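The numbers here are math on the coordinates, done by the rules we state, and not lab data. Predicted model only: the values in this text are computed from it and were never measured.
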Amino acid sequence: MSDVPGAAGGDKRAIPWKLVLWVAIALYALLFLLLNDDKQSVDFVFFTINTRLPWLILLSMALGAALAIIGPRWWRSRNR
């Protein structure tokens, strides 16, 4: 047994580590949005938009996730 308060699983007063992790991630995301307010120009094939840097990063992440999900499915169906 440990003498450290909150070390035991039954201590109801201990702060859950998942809550601490989510609060840290939320604070990091908030700081990311507040500190990266530069405007960037994005040239698509038929139009151009001016957007803030965080939205550009989120758009890139969403496109990458979509390709990571759709790409293997398309490749498997093509090989059948």
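Determine the calculated [θ] at 222 nm for the chain from helices alone, applying -39500 (n - 2.57) to every DSSP H run no shorter than 4 residues and normalising by the residue count; nearest 500 deg cm²/dmol. Working shown, then result.
Values: 2 runs with 46 residues, N = 80.
It lands at -20000 deg cm²/dmol.
Please list the non-local residues whose amide H lies under 5 Å from the amide H of Arg52, H modeled 1.01 Å from N, same-chain partners needing a gap of 5 or more.
The list, which skips near neighbours in sequence, is Gln40.
Can you give the percent of C-alpha pairs in the range 38-80 whose distance is more than 11 Å?
70 percent
Helix 17-35 against the longest principal axis of the chain: what's the angle in degrees, Cα atoms only, rounded to the nearest 10?
So the helix axis and the longest Cα principal axis differ by about 40 degrees.
Could you give the angle, 0 to 90 degrees to the nearest 10, between helix 53-79's Cα long axis and the longest principal axis of the Cα atoms of the chain?
The helix 53-79 is inclined about 80 degrees to the chain.
I'm checking a number: the convex hull volume of the Cα atoms of the chain, normalised per residue, in Å³. What is it?
171 Å³
Divide the volume of the convex hull of the Cα atoms of the range 14-53 by its number of residues and quote the answer in cubic angstrom per residue.
Details: hull volume 2.4 nm³, N = 40.
Given the Cα convex hull of the range 14-53, per-residue volume reads 61 Å³.
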